[in-house]
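Chemist: Below is a structure I'd like to ask you about.
The values are calculated or read from the model by the stated rules, or taken from the named source; none is laboratory data. Everything numeric here is computed off the predicted structure, so don't read it as measured data. Cβ atoms come from the backbone with ideal geometry, glycine included; neighbour counts cover every protein chain shown.
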Amino acid sequence: MTDRRLLKSNGRVADATLKGQATAARFVVPVAMRVVRPVAPLCDSVEAGAWRRTRELVLHELFHVLEIAGAWVFGYADRDGYVGYMARDALADAAPIRPTHVVAARQSYLTGVPELKNGDEILPISFGTALEVAGPHEGGRWAEVSMLRPQPDRHETVDTTYAPAAHLRPIDEVEREPVAVAERFIGTPYLWGGNSGFGVDCSGLLQMACLACGITCPGDSDQQEAGLGHTLPEGSAYRRGDLLFWKGHIALVVDAGTLIHANAHDIAVAYEGIDAAIARIAAQGDGPVTAHKRL
């Protein structure tokens with residue numbers, strides 16, 4: 001059965017690569033666009049009162065548009081092919097910027113003045129935000145960056161702004177290990193479908209950590225359980241970087257007795273004892289560990 005989250009078709013339109021494989025009125029070549037908000041939800045529907053956030057994209061992430069219908073567009077995320085609907089005004093033409101760096105801190109910000117002590121209003125931005133850096137300022141403290149900004153008439157422009165250089169890493173460099181990345185998010189609020197430093201769920205935390213380390217990772221926990229790593233025999237010792245799966249949940253092993261996960265119990269990203277988490281999750285009716293996997 002085809003996973004609807006990855007099927008690049010809504011019946012009206014489908015990606016041109018699906019011709020002969022899917023039923024649709026039109027087959028189109030997608031148009032690459034970039035997010036112009038700090039965080040923008042990817043939704044499973046556009047029906048009033050029925051839509052829900054399934055995942056999120058952050059500033060300058062790529063989204064491949066298959067259909068524009070009024071205030072909404074239909075398409076899929078570049079990072080993992082996840083399909084859904086986004087607000088039209090959350091996107092702009094991708095061409096004007098070519099990202100060179102990415103935000104490596106959990107959160108950062110953009111400011112119009114490259115000075116530590118200034119009164120300019122800031123724009124908060126998340127881990128994973130891609131930025132085109134033009135050059136340094138104030139002895140390398142600040143990076144001059146380009147930011148896509150849609151205008152009311154929808155003629156997108158590029159603004160010059162500044163980000164703390166210490167919060168950035170070159171886009172072609174990868175982090176060393178997913179757990180170290182996940183630990184950067186301790187205390188981040190739990191948010192169903194969240195994929196940012198402002199709010200994240202269990203699968204979003206794992207995906208951000210893996211992608212930062214150059215590891216391909218799908219968006220939802222069931223996809224991650226099916227597609228990541230190899231399953232270890234029952235009773236295997238826990239090792240840093242291992243993954244523990246429950247039905248609808250994922251955690252990363254920090255050490256032999258501790259895990260880290262974004263969870264609804266703490267409403268945050270938190271450490272928890274492995275044995276305590278297994279007992280608590282079973283007691284609340286969500287069952288046993290379904291897989292112990294190693295990347």
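Chemist: Can you pull out the residues in the range 74-86 that are over 26 Å from Val133 (Cα atoms), in a strand (DSSP E or B) and under 17 Å from the mean Cα position of the chain (by Cα)? Steps first, answer last, please.
Modeler: Here is the first cut: in the range 74-86, the residues over 26 Å from Val133 (Cα atoms) are 74-76, 81-86.
Narrowing further to those that are in a strand (DSSP E or B): 74-76, 83-86.
Listed by number, the residues that qualify are Gly75, Tyr76, Val83, Gly84, Tyr85, Met86.
Chemist: With Thr111, Thr129, Thr157, Thr161 as the choices, which residue is within 20 Å of the chain's Cα centre (by Cα) and among the polar types (S, T, N, Q)?
Modeler: Values: Thr111 fails: within 20 Å of the chain's Cα centre (by Cα); Thr157 fails: within 20 Å of the chain's Cα centre (by Cα); Thr161 fails: within 20 Å of the chain's Cα centre (by Cα).
After applying the criteria, what remains is Thr129.
Chemist: Does His64 meet the test of being on the phi < 0 side of the Ramachandran plot and touching a residue at least 12 places away in the same chain (Cβ under 8 Å)? Don't jump to the end; show me each part of the working.
Modeler: Details: on the phi < 0 side of the Ramachandran plot: yes; touching a residue at least 12 places away in the same chain (Cβ under 8 Å): yes.
Considered against the rule, which asks whether it is on the phi < 0 side of the Ramachandran plot and touching a residue at least 12 places away in the same chain (Cβ under 8 Å), His64 comes out as yes.
Chemist: When you scan the range 1-46 for strands (runs of 3 or more DSSP E) that lie fully inside it, which ones turn up with 2 or more residues that are in contact (Cβ under 8 Å) with a residue 40 or more places away in the chain and of a type outside the set (D, E, K, R)?
Modeler: Details: elements: 13-15, 26-28, 31-35, 39-43.
Filter on the range 1-46 gives 13-15, 31-35, 39-43.
Chemist: Out of all the residues in the range 90-146, which are within 28 Å of Ile68 (Cβ to Cβ), of a type in the set (S, T, N, Q) and assigned to a loop (DSSP other than H, G, I, E, B)?
Modeler: Passing the criteria: only Thr129.
Chemist: So which residues in the range 81-98 are crowded, with 18+ Cβ neighbours inside 10 Å and out of contact with any Phe, Trp or Tyr (no Cβ under 7 Å at 6 or more places or on another chain)? Spell out how you get there, then give the answer.
Modeler: At the first step, the residues of the range 81-98 found to be crowded, with 18+ Cβ neighbours inside 10 Å are 82-86, 90-92, 94, 97.
Result: Gly84, Ala90, Ala92, Ala94, Ile97.
Chemist: Is one or more of the residues making up the range 164-174 aliphatic (A, V, I, L, M) and in contact with a Pro (Cβ under 7 Å, 6 or more places away or on another chain)?
Modeler: Just the residues of the range 164-174 that are aliphatic (A, V, I, L, M), to begin with: 165-166, 168, 171, 174.
Remaining after also requiring in contact with a Pro (Cβ under 7 Å, 6 or more places away or on another chain): 165, 171.
Yes; the residues of the range 164-174 include at least one that is aliphatic (A, V, I, L, M) and in contact with a Pro (Cβ under 7 Å, 6 or more places away or on another chain).
Chemist: While we're here: Take Thr188 and decide whether it is at pLDDT 95 or above, surrounded by fewer than 19 Cβ atoms within 10 Å (Cβ to Cβ) and either polar (S, T, N, Q) or in contact with a Leu (Cβ under 6 Å, 6 or more places away or on another chain) (or both). It would help to see each step written out before you state the result.
Modeler: Details: at pLDDT 95 or above: yes; surrounded by fewer than 19 Cβ atoms within 10 Å (Cβ to Cβ): no; either polar (S, T, N, Q) or in contact with a Leu (Cβ under 6 Å, 6 or more places away or on another chain) (or both): yes.
So Thr188 fails the test.
Chemist: A follow-up question, please. Which condition does Gly287 not pass, out of (1) assigned to a strand (DSSP E or B); (2) on the phi > 0 side of the Ramachandran plot; (3) not hydroxyl-bearing (Ser, Thr, Tyr), if it passes all the others?
Modeler: All conditions are met except number (1).
Chemist: State all residues of the range 147-168 that are at pLDDT below 95 and outside any loop (DSSP other than H, G, I, E, B); if no residue qualifies, say none. Spell out the reasoning first.
Modeler: So the first thing to find is which residues in the range 147-168 are at pLDDT below 95, and the list is 147-160.
If the condition is that a residue be at pLDDT below 95 and outside any loop (DSSP other than H, G, I, E, B), then Met147, Leu148, Arg149, Thr157, Val158, Asp159, Thr160 are the ones that fit.
Chemist: Consider the range 167-178. How many of its residues are surrounded by fewer than 20 Cβ atoms within 10 Å (Cβ to Cβ) and touching a residue at least 40 places away in the same chain (Cβ under 8 Å)?
Modeler: Taking the range 167-178 as the starting set, the residues that turn out to be surrounded by fewer than 20 Cβ atoms within 10 Å (Cβ to Cβ) are 169-177.
Applying the additional criterion that residues be touching a residue at least 40 places away in the same chain (Cβ under 8 Å) yields 169-171, 174-175, 177.
Qualifying residue count for the region: 6.
Chemist: Could you please find all residues in the range 1-59 being under 17 Å from Ala94 (Cβ atoms), in contact with a strand residue (DSSP E or B) (Cβ under 7 Å, 6 or more places away or on another chain) and not charged (D, E, K, R)?
Modeler: Matches in the range 1-59: Val28, Pro30, Val31, Ala32, Met33, Val35, Val36, Ala40, Leu42, Leu57, Val58, Leu59.
Chemist: Out of Ser196, Ser221, which single residue is closer than 28 Å to Pro41 by Cβ, touching a residue at least 12 places away in the same chain (Cβ under 8 Å) and in contact with an Asp or Glu (Cβ under 7 Å, 6 or more places away or on another chain)?
Modeler: Details: Ser221 fails: in contact with an Asp or Glu (Cβ under 7 Å, 6 or more places away or on another chain).
Selected residue: Ser196, the only one of Ser196, Ser221 that is closer than 28 Å to Pro41 by Cβ, touching a residue at least 12 places away in the same chain (Cβ under 8 Å) and in contact with an Asp or Glu (Cβ under 7 Å, 6 or more places away or on another chain).
Chemist: Another question, then. Regarding Gly187, is this residue on the phi > 0 side of the Ramachandran plot and not in a strand (DSSP E or B)? Walk me through how you get there before you give the answer.
Modeler: Numbers: on the phi > 0 side of the Ramachandran plot: yes; not in a strand (DSSP E or B): yes.
The answer is yes for Gly187.
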